[in-house]
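Peer 1: Okay, here's the structure, questions in a sec.
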Amino acid sequence: MTHHVSVKDVTADLLRQWEHDPYNLLQILIGVQQTFQHISTTAVDLIADKLSLPRASIEGVIGFYSFLHVQQRGLYDLLMSDNIVDQMSGSRELAGLLARRLDVKSGTTRADGAVSLGYTSCTGMGDQGPAALVNNRALTSLTPQRIEQIAELIEERVPLGEWPQELFAVSGNIQRRDLLLESDLLQGAAIDAVVSRGAEQILSELEESGLRGRGGAGFRTALKWRFCRDAAADERVVVCNADEGEPGTFKDRVLLQAYADRLFEGMALCAGVIGASRGFLYLRAEYFYLLEDLQQELQRRRDANLLGEDILGQAGFDFDIEIHLGAGAYICGEESALIESLEGKRGIPRIRPPFPVTEGYRGRPTVVNNVETLIAAAMIAVHGAEWFCSRGTDDSAGTKLLSISGDCARPGVYEYPYGVSIEAILRDCGARDVQAVQVAGPAGQCVPPSEFHRAIAFEDLSTGGSMMIFNQQRNLLNAVENFADFFVHESCGLCTPCRVGTTLLQKRLRKVVSGHATSEDLAMMRTIGSVVRESSHCGLGMTAANPILGSMEKFPGVYSEKLKSTGFEPAFDLDAALDEARKITGRDDAGAHIEGGGV
Ligand SMILES: Cc1cc2nc3c(=O)[nH]c(=O)nc-3n(C[C@H](O)[C@H](O)[C@H](O)COP(=O)(O)O)c2cc1C
Ligand code: SF4
């Protein structure tokens, strides 16, 4: 919001800070965006010139990320979180109130340039919503009173730094601790373990522990680290995936806020094992509020010789960590897209193989792990495999952090041993009268009450950690529609089945919701869904049809009660299409309708 500084000076400073390195382009653009609420032609020209990049490629990067803009945004750029759980707690109504109060339409900037209003995908505050972002700073627990207060602050042009701090308060909200969160970890103990016991010892401990990735795919961590260690290279890289973009999940936020020390310990451990000298924490833009504390934590660790050169006095053990910010793209959580983004480019998933473990960041062998995985690895290095295996099932050792939100008395982060049933979780978080639980976000499964005996585990309900609860009063189709919209918005557009298929599914679903669909539409959704699932390039497309296909299978009644007819009817509903004409002419008599609707 600083407008008395010049674009030229700020851009020059950012270019210097990021070492005039084209691989840092995205970070430079984010810096410009944060200072001026847009990236002007002047800034693009300067960057193009200094980094010797074509303007078009810079514009391509800006165009890819939701939080970067070439058009000036309002001095206060407000984005309401559009997660279904935020909606259930009234975000749409609050956005309406804000729009009226500030006289600005959603999706626009007010003529005087003071404020812009819009929506964004889940901001990772599902346990304390409705939430929003103002110039990338998280606003939580919004109420009509708070909206009034915010509107006043904006009208009076109060700088964000002077807004009451309680508006930005993010509670840790850990509701249940188990092995990982309850046990101690002395600073430096995991690094000491690799220095004193050697990489092979740590790898076999990790192998024995059975640790699998906590970010969703469940790949064996020891195997990933070994592949990377075995890849011939001068430099290797450790990346922590803190993109946490899956709607309904926020457990990494809590870990980054309360357990950053353990995370950095885990990254340094990984570096010691695989022989990496560079580390990155890829932090989603929505968690910008954590950046300063994380930087301080890194500095404390450098001061304690737990980062930097000759770590813990071990000659040649050099490793440091940089933090890179994302800019509002869910696809950047996919590991190869994340690496592209770390390299300053658009976050488009790479063709694999080669996999990141052999060719990742700038072609170097790279380990990408979730926040929770790296913390678990650090704990295992110190407490041992047996300690870890004291919880969980045969195929799913240890515990899992779940982000629980929606219709329950106590939303928050819960750590459970793998194998815990949905039933037990619902009891603990005070959920009653439950109609469905969405496990693993929009890409996951919608579980009906008849299956609440099922377990959270890789061999049953596998999840990165999101769990959204819907009670009997909720219209499940609203959730399915929200998820379908999410995938349309977040598809990176590289491949046709995903780009086109997600839009086709969204359109058919809207037809169902509006009561104009027939059983033909359901059949068509099944066909399109299976094409999208089978022929998409990456995990986003492969799972984008899940909310529709899954809910059609598990909750057929939700669809059948909305159908216009279960027999054959053509896809095009002429009567519905004439709605607009009726509105314009002000007619709604029998003569303005077509009997039967379809043609
Ligand atoms: C569309 C998409 C989004 C993803 N988002 C995340 C994410 O936000 N965080 C994460 O840790 N993994 C995410 N993943 C999984 C990563 O690709 C990768 O498997 C993971 O970071 C590996 O770490 P892990 O083995 O510790 O789980 C995503 C995958 C896909 C396909
Ligand atoms: S499946 Fe979708 S998100 Fe993945 S690469 Fe293709 S278009 Fe992009």
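Peer 1: With respect to ALA217, is the statement that it is within 16 Å of ligand 2 (Cβ to nearest atom), hydrophobic (A, V, I, L, M, F, W, C) and either surrounded by 16 or more Cβ atoms within 10 Å (Cβ to Cβ) or in contact (Cβ under 8 Å) with a residue 24 or more places away in the chain (or both) true?
Peer 2: Yes.
Peer 1: Here's something else I'd like to know. Got at least one residue in the stretch 221-228 being within 16 Å of ligand 1 (Cβ to nearest atom), surrounded by 19 or more Cβ atoms within 10 Å (Cβ to Cβ), over 19 Å from ALA397 (Cβ atoms) and basic (Lys, Arg)? Don't jump to the end; show me each part of the working.
Peer 2: If we filter the stretch 221-228 for residues that are within 16 Å of ligand 1 (Cβ to nearest atom), which is where we start, we get 221-228.
Filter again for surrounded by 19 or more Cβ atoms within 10 Å (Cβ to Cβ), leaving 221-222, 224-226, 228.
Pick out the ones that are also over 19 Å from ALA397 (Cβ atoms) and you get 228.
Those left that are additionally basic (Lys, Arg): none.
Looking for residues that are within 16 Å of ligand 1 (Cβ to nearest atom), surrounded by 19 or more Cβ atoms within 10 Å (Cβ to Cβ), over 19 Å from ALA397 (Cβ atoms) and basic (Lys, Arg), one finds none in the stretch 221-228, hence no.
Peer 1: Pairs please, first residue from the stretch 538-553 and free of Cβ contacts under 8 Å to residues at least 12 places away in the same chain, second anywhere and within 16 Å of ligand 1 (Cβ to nearest atom) and in a helix (DSSP H, G or I), Cβ atoms under 7 Å, 6+ apart in sequence or on different chains.
Peer 2: Every condition considered, the pairs that remain are MET542/ARG533.
Peer 1: Here's a check for you: in the stretch 373-407, which residue that is more than 27 Å from the chain's Cα centre (by Cα) and polar (S, T, N, Q) is surrounded by the most Cβ atoms within 10 Å (Cβ to Cβ)?
Peer 2: That would be THR393.
Peer 1: Which ones in the stretch 277-307 are more than 21 Å from CYS332 (Cβ to Cβ) and assigned to a loop (DSSP other than H, G, I, E, B)?
Peer 2: Selection gives SER277, ALA304, ASN305, LEU306, LEU307.
Peer 1: Let me ask you something else. Looking at ALA285, is it aliphatic (A, V, I, L, M), away from ligand 1 (no atom under 11 Å from the Cβ), within 18 Å of the chain's Cα centre (by Cα) and modelled with pLDDT of 95 or more?
Peer 2: yes
Peer 1: May I pose another question? Pull up the stretch 344-372, narrow it to residues that are among the small types (Gly, Ala, Ser) and either touching a helix residue (DSSP H, G or I) at 6+ places or on another chain (Cβ under 8 Å) or within 20 Å of LEU325 (Cα to Cα) (or both), then point me to the one that is surrounded by the most Cβ atoms within 10 Å (Cβ to Cβ).
Peer 2: To start, the set of residues in the stretch 344-372 that are among the small types (Gly, Ala, Ser) comprises 344, 347, 360, 363.
Adding the requirement that they be either touching a helix residue (DSSP H, G or I) at 6+ places or on another chain (Cβ under 8 Å) or within 20 Å of LEU325 (Cα to Cα) (or both) leaves 344, 347, 360.
Working: GLY344: 22, GLY347: 26, GLY360: 28.
The qualifying residue surrounded by the most Cβ atoms within 10 Å (Cβ to Cβ) is GLY360.
Peer 1: Based on this model, can you work out whether VAL500 counts as of a type outside the set (D, E, K, R), surrounded by fewer than 16 Cβ atoms within 10 Å (Cβ to Cβ), out of contact with any Gly (no Cβ under 8 Å at 6 or more places or on another chain) and assigned by TED's automatic domain parsing to the domain that holds PRO556? First the steps, then the outcome.
Peer 2: On the way: of a type outside the set (D, E, K, R): yes; surrounded by fewer than 16 Cβ atoms within 10 Å (Cβ to Cβ): yes; out of contact with any Gly (no Cβ under 8 Å at 6 or more places or on another chain): yes; assigned by TED's automatic domain parsing to the domain that holds PRO556: yes.
Criteria met by VAL500.
Peer 1: For residues that are buried (at least 19 other Cβ atoms within 10 Å of the Cβ), among the small types (Gly, Ala, Ser), within 16 Å of ligand 1 (Cβ to nearest atom) and in a helix (DSSP H, G or I), tally how many sit in the stretch 517-538.
Peer 2: Summing the residues that are buried (at least 19 other Cβ atoms within 10 Å of the Cβ), among the small types (Gly, Ala, Ser), within 16 Å of ligand 1 (Cβ to nearest atom) and in a helix (DSSP H, G or I) in the stretch 517-538 gives 0.
Peer 1: I'd like the full set of residues that are of a type in the set (A, V, I, L, M, F, W, C) and crowded, with 22+ Cβ neighbours inside 10 Å, limited to the stretch 103-130. Give the derivation first.
Peer 2: The first filter runs over the stretch 103-130 and keeps only residues of a type in the set (A, V, I, L, M, F, W, C), leaving 104, 111, 114-115, 117, 122, 125.
Across the stretch 103-130, the qualifying residues are VAL104, VAL115, LEU117, CYS122, MET125.
Peer 1: Does the stretch 339-354 contain any residue that is away from ligand 1 (no atom under 16 Å from the Cβ) and free of Cβ contacts under 8 Å to residues at least 60 places away in the same chain?
Peer 2: Scanning the stretch 339-354, I find no residue that is away from ligand 1 (no atom under 16 Å from the Cβ) and free of Cβ contacts under 8 Å to residues at least 60 places away in the same chain, so the answer is no.
Peer 1: Would you be able to tell me the number of residues in the stretch 99-137 that are under 27 Å from GLY172 (Cα atoms) and either of a type in the set (S, T, N, Q) or outside any loop (DSSP other than H, G, I, E, B) (or both)? So that I can check it myself, show each step before the final result.
Peer 2: Going through the stretch 99-137, the residues under 27 Å from GLY172 (Cα atoms) turn out to be 118-137.
Okay, now just the ones that are also either of a type in the set (S, T, N, Q) or outside any loop (DSSP other than H, G, I, E, B) (or both), so 118-121, 123, 128, 132-137.
Of the residues in that region, 12 qualify.
Peer 1: In addition: Select from the stretch 460-512 the residues that are within 11 Å of ligand 2 (Cβ to nearest atom) and polar (S, T, N, Q) and write down the one among them that is nearest to GLY529 (Cα to Cα).
Peer 2: In this case the residue turns out to be THR502.
Peer 1: Pick out, from the stretch 175-242, the helices (runs of 4 or more DSSP H) lying fully within it that include 1 or more residues that are at pLDDT 95 or above, basic (Lys, Arg) and within 29 Å of the chain's Cα centre (by Cα).
Peer 2: Per the criteria, 221-230.
Peer 1: Identify, please: which residue in the stretch 444-457 is crowded, with 19+ Cβ neighbours inside 10 Å and not small (Gly, Ala, Ser) and is, among those, nearest to ILE422 (Cα to Cα)?
Peer 2: Only one residue fits best here, namely ILE456.
Peer 1: Here's a follow-up. On the given criteria, is ALA304 touching a residue at least 60 places away in the same chain (Cβ under 8 Å) and closer than 22 Å to LEU25 by Cα?
Peer 2: Judged against the criteria, ALA304 is not a match.
Peer 1: For LEU325, indicate whether it is in contact with a helix residue (DSSP H, G or I) (Cβ under 6 Å, 6 or more places away or on another chain), under 30 Å from ARG177 (Cβ atoms), more than 16 Å from ligand 1 (Cβ to nearest atom) and of a type in the set (A, V, I, L, M, F, W, C).
Peer 2: Numbers: in contact with a helix residue (DSSP H, G or I) (Cβ under 6 Å, 6 or more places away or on another chain): yes; under 30 Å from ARG177 (Cβ atoms): yes; more than 16 Å from ligand 1 (Cβ to nearest atom): no; of a type in the set (A, V, I, L, M, F, W, C): yes.
Spelling it out, it is not the case that LEU325 is in contact with a helix residue (DSSP H, G or I) (Cβ under 6 Å, 6 or more places away or on another chain), under 30 Å from ARG177 (Cβ atoms), more than 16 Å from ligand 1 (Cβ to nearest atom) and of a type in the set (A, V, I, L, M, F, W, C).
Peer 1: Would you check if GLY398 is small (Gly, Ala, Ser), near ligand 1 (Cβ under 10 Å from one of its atoms), in contact with a Lys or Arg (Cβ under 9 Å, 6 or more places away or on another chain) and in contact (Cβ under 8 Å) with a residue 40 or more places away in the chain?
Peer 2: Details: small (Gly, Ala, Ser): yes; near ligand 1 (Cβ under 10 Å from one of its atoms): no; in contact with a Lys or Arg (Cβ under 9 Å, 6 or more places away or on another chain): yes; in contact (Cβ under 8 Å) with a residue 40 or more places away in the chain: yes.
For GLY398, the condition - small (Gly, Ala, Ser), near ligand 1 (Cβ under 10 Å from one of its atoms), in contact with a Lys or Arg (Cβ under 9 Å, 6 or more places away or on another chain) and in contact (Cβ under 8 Å) with a residue 40 or more places away in the chain - is not met.
Peer 1: If you don't mind, another one. Go through (1) hydrophobic (A, V, I, L, M, F, W, C); (2) closer than 23 Å to THR543 by Cα; (3) free of Cβ contacts under 8 Å to residues at least 60 places away in the same chain one by one and return the number of the condition ALA455 breaks.
Peer 2: (3)
Peer 1: Starting from the stretch 240-252, take each residue that is closer than 14 Å to GLY444 by Cα and list its partners that are among the acidic types (Asp, Glu) and buried (at least 24 other Cβ atoms within 10 Å of the Cβ), counting only C-beta distances under 9 angstrom and pairs at least six apart or across chains.
Peer 2: GLY245/GLU286
Peer 1: Can you name the residue in the stretch 539-565 that is away from ligand 1 (no atom under 16 Å from the Cβ) and hydroxyl-bearing (Ser, Thr, Tyr) and is also surrounded by the most Cβ atoms within 10 Å (Cβ to Cβ) among such residues?
Peer 2: SER551
Peer 1: With respect to GLY493, is the statement that it is crowded, with 20+ Cβ neighbours inside 10 Å and at positive phi true?
Peer 2: Spelling it out, it is not the case that GLY493 is crowded, with 20+ Cβ neighbours inside 10 Å and at positive phi.
Peer 1: Select from the stretch 19-47 the residues that are out of contact with any helix residue (DSSP H, G or I) (no Cβ under 6 Å at 6 or more places or on another chain), assigned to a helix (DSSP H, G or I), closer than 21 Å to HIS4 by Cβ and without any contact (Cβ under 8 Å) to a residue 60 or more places away in the chain and list them in ascending order.
Peer 2: PHE36, THR41, listed by residue number.
The values are calculated or read from the model by the stated rules, or taken from the named source; none is laboratory data. If you're wondering where the values come from, they're calculated on a predicted model, not measured in any experiment. Cβ coordinates were reconstructed from backbone atoms using ideal geometry, including for glycine residues, and neighbour counts include every protein chain displayed.
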